[in-house]
Structures are given as C-alpha cells and as structure tokens.
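Quick notes on the structure that follows.
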Amino acid sequence: MADGFADRVAAAVRAHGPLCAGIDPSGALLASWGLSDDPRGLRAFCRVCVEGFAGTVGVIKPQVAFFERHGSAGMAELERLIAEATAAGLIVIATPNGATSTPRRRRTPTHGSATRARSQPTR
C-alpha cells in the first residue's frame, strides 16, 4: 500500500502512465465550453474534468491562479475539485500562482568577498 505522496504518485503512474492532466479554466476556455466565467462555471468544468480523467490518468494539476481570480468562492471551488478528484482516485498536484514559472534570477552580491565566501566549502 502506498503511504507517502511520492509512493501514491508512483503507483498512479504505474497504473495509468506518466500523463499529468492540467486543469486550467481560463475565462476563454470556460466560454468556449458555454460556461460562465464565475464559480458556477468552474464547478461545472471541474466536474466534467474529474469524470473524464478518473480511471484514465492518475495525476491532475489544477492551475491555482485560475481559481484564485474568483476570490474566496473560486478557492472554495478549488477545494471542492481537490476533494472530488481525491475521492475519484486521482492524485492532485496544486501549486500556488507562479510556483511553476521560471524562477526569478537571484541577486548576486557585487562585492567580491561575498561571492568568494559563498563558494567556499563549509566545514
């Protein structure tokens, strides 16, 4: 039996393959499905996604920013999605807005000693 998150992901990949289905309910996508760009539309979209993905893929990844843009009601729909997807046997990987984008370049000190000190091995 899979105990930790990594174990559950590995089991899902063994069972269904490595596909991770993104759930990105943008306003344009909701409109193209004939859904309203509001929490009701999110709920309908997510239900179809869970029904379609359950038993087909093992892992889904909702883009949190598309839920967050609807405020607390949108976040409640994200919570509902996670609960329904988990109940359907899907692994959910939800990352906060910006966590999957290219990392920002870290500022490097311009003072030479700070750069040398950072490259020194620790004892």
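No value in this document is a laboratory result; all are computed from the given coordinates. It should be emphasised that the depicted structure is a prediction, and the values quoted were computed from it without experimental measurement. Note: ideal-geometry Cβ built from the backbone for every residue, glycine included; neighbour counts use all protein chains shown.
Rounded, prolate or oblate for region 3-43? Axes are the square roots of the Cα gyration tensor eigenvalues, ordered a ≥ b ≥ c, and the cut-off for rounded is a/c under 1.5. Could you put the intermediate results ahead of the total?
Working: a/c = 4.61, a/b = 2.79, b/c = 1.65.
Prolate shape, in that a/c is at least 1.5 and a/b is the bigger ratio.
Computed from backbone phi, the HN-Hα couplings of region 21-29 come to 8, x, 10, 10, x, 6, x, 5, 5 Hz, rounded to whole numbers (Karplus: 6.51 cos²θ - 1.76 cosθ + 1.60, θ = phi - 60°; Gly and Pro given as x).
Using 1/(1 + (r/R0)^6) with R0 = 35 angstrom and r between the beta carbons of L19 and S72, what's the FRET efficiency to the nearest 0.05? Numbers along the way, then the final one.
On the way: r = 31 Å, r/R0 = 0.90.
So, using R0 = 35 Å, E works out to roughly 0.65.
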